[in-house]
Amino acid sequence: MEPLDLAKFEWKTVLRPLTIDDFDELLALAERCFPGMEPWGRAQVESQLEVFPEGQFVVEIDGKLAASCSSLILEYDEGLEWHNWKAISDSGFIRNHKPQGDTLYGIEIMVDPKYRGMKLSRRLYDARKELCRRKNLKQIIIGGRIPGYHKYAETMSAREYIDNVLEKNVYDPVLTAQLSNGFVVRGLTANYLPSDTESCGYATHAIWTNLEHVPGAKRRFHHVIEPIRVCVVQYQLRTISSFDDFAKQCEFFLDTASDYKCDFVLFPELFTTQLLSCVDASRPGQAARQLAAFTPQYLDMFTEMAVKYNINVIGGSQFVIENDTLYNIAYLFRRDGSIGKQYKIHITPSERKWWGVNPGNAVEVFDTDCGRIAIQVCYDIEFPELTRIATQKGASIIFVPFNTDTRHGYLRVRYCAQARCIENHLYVAISGCTGNLPFVENSDIHYAQSGIFTPADAEFARDAIADECNPNVETLIVHDLDFEQLRRHREQGSVQNWNDRKRDLYKVVYVEDGKTFEV
């Protein structure tokens, strides 16, 4: 079997500025999103791009428009006609845009019905927030539709409907998304968009406040480093009857991590062995190859989920057959729909004996929207040279999916992970399996206490443990990590292991693509 072409599984998801070349697709998107409402004409879109191109965004999936948003800047004045969409947006031409203003006003957001539920609006709101921070604006104001109101208009007023959405008694596809993105409802506007029959003409007046705003300054003086939020899953293996059962269990954790607005979620090594409980029992070597047959479904599922839940997923690891050779591969599913992979480099004696796994031969470091990361599968973290190479290549965090049967095996992974933090001034997150899989040889019992570890110095947690799970229970942990703190620690820490290496006495030398490199 030839190596799988990962490009066939990728969702090329891009957040980018709107261009006039997008007009035809934008028009078609508006007709799908707002049937019966008059969409913007070309002249309005051209005017928006001429007046304020920075404020117009689209999300593109596999080359096609899936979502868009438009905005302008205004000087906040209580006397402005905030209740009048035509007046506040200049009928969509935004010629009233004030470059020196203090408020970003969102005049439209659209998500293709085909992609609703995939948190694309969060990407657009995040882009607006970053624009707001970059320009040192005080706030974002939106006049939000309430398209679910027409279903309740005969039984409750618009105010009562909004109260029910706020109290989670009712779901509104627009207002619920705005609330989850940090907006606060400050008012209700009647006749905001009379042609909006779904909202019965009503709209909310909602505000997001920029906490980094500096009064009197027209730009942000320094970039505040935002923490990177990491979720580690401690996954319980249990008997299942189908791939769908496996997918549902994974989606629960992804949904939860997304609710906490995590940037990364880490699953354990070979947690996919759970799938062996729903195939006919066979010898371990054959079972590993049966498990590899699920790889296309596994890739499809996690690629879609990474985009849907707007999170970078380290999908544990999975057996893969390439050119008739069995590998243990960890995949990175980025939230932009692209995929990376890391072969397990060091194979344990039991993996060779039971399954016939072969080693990889390269340390990969992956670019993500939160910085550079590396993945080391279980046994690999016990070889310090690999982390030296990853650090030299720019990784700030090592993700370690592991799978151990005894506490002794787990402790080898844990203590080596903590040592790598000290040696290289970086973070290490480890994720393992719990539970039992009767009749699945070499994967029948499990022990884990997953965690997130830091260097050992005054600015970090006193025991160098950022967070950890209770042992041997299914759970997850969520923690914020500061990459800027790592940089300062490497330069100014109590000890500076990376800088103080005696490279005249010893060094790490590795070969990649036929070339020799030193660390």
Does Ser70 satisfy the condition of being out of contact with any Asp or Glu (no Cβ under 6 Å at 6 or more places or on another chain), among the polar types (S, T, N, Q) and open to solvent by less than 40 Å² (accessible area, probe 1.4 Å)? no
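Do we have any residue at all in region 217-228 that's in a helix (DSSP H, G or I), closer than 30 Å to Thr454 by Cβ, at pLDDT 90 or above and in contact with a Leu (Cβ under 8 Å, 6 or more places away or on another chain)?
No, the conditions are met nowhere in region 217-228.
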Residues that are open to solvent by less than 30 Å² (accessible area, probe 1.4 Å) and within 20 Å of Thr454 (Cβ to Cβ), drawn from region 420-437: Arg420, Cys421, Asn424, His425, Leu426, Tyr427, Val428, Ala429, Ile430, Ser431, Gly432
Residues (in a strand (DSSP E or B) and either closer than 16 Å to Gln297 by Cα or open to solvent by 10 Å² or more (accessible area, probe 1.4 Å) (or both)) located in region 323-339: Thr325, Tyr327, Ile329, Ala330, Tyr331, Leu332, Phe333, Ile339
Set Glu38, Glu81, Glu75: member being within 25 Å of Gly148 (Cβ to Cβ), open to solvent by 10 Å² or more (accessible area, probe 1.4 Å) and at pLDDT below 95: Glu38
State all residues of region 110-156 that are part of a strand (DSSP E or B), open to solvent by less than 10 Å² (accessible area, probe 1.4 Å), touching a helix residue (DSSP H, G or I) at 6+ places or on another chain (Cβ under 6 Å) and not small (Gly, Ala, Ser); if no residue qualifies, say none. Met110, Ile140
Single condition His479 does not satisfy, out of (1) touching a residue at least 12 places away in the same chain (Cβ under 8 Å); (2) part of a loop (DSSP other than H, G, I, E, B): (2)
Exactly one of these conditions fails for Arg372: (1) farther than 19 Å from Glu484 by Cα; (2) open to solvent by 40 Å² or more (accessible area, probe 1.4 Å); (3) in a strand (DSSP E or B). Give me its number. (1)
Anything in region 1-56 that is among the charged types (D, E, K, R), part of a helix (DSSP H, G or I) and either at positive phi or in contact (Cβ under 8 Å) with a residue 12 or more places away in the chain (or both)? List them, or say none. Asp22, Glu25, Arg32, Arg42, Glu46, Glu54
Can we say Thr406 is within 23 Å of the chain's Cα centre (by Cα) and open to solvent by 10 Å² or more (accessible area, probe 1.4 Å)? no
Every residue in region 127-159 that is within 26 Å of Glu198 (Cβ to Cβ), without any contact (Cβ under 8 Å) to a residue 24 or more places away in the chain and among the charged types (D, E, K, R), please. Lys151, Glu154
Being open to solvent by less than 50 Å² (accessible area, probe 1.4 Å) and among the acidic types (Asp, Glu) narrows it down to one of Glu304, Glu269, so name that one. Glu269
Screening Leu179, Leu211 for residues that are assigned to a loop (DSSP other than H, G, I, E, B), hydrophobic (A, V, I, L, M, F, W, C) and either within 25 Å of Val478 (Cα to Cα) or in contact with a Phe, Trp or Tyr (Cβ under 6 Å, 6 or more places away or on another chain) (or both) leaves only Leu211
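The values are calculated or read from the model by the stated rules, or taken from the named source; none is laboratory data. Treat the numbers as computed from the prediction; the structure is a model and nothing was measured. Cβ sites come from the backbone with ideal geometry, for glycine too, and all protein chains shown count toward neighbours. With ligands, DNA and RNA removed, areas are computed over all heavy atoms of the protein, side chains included. Shrake-Rupley method; radii C 1.70, N 1.55, O 1.52, S 1.80 Å.
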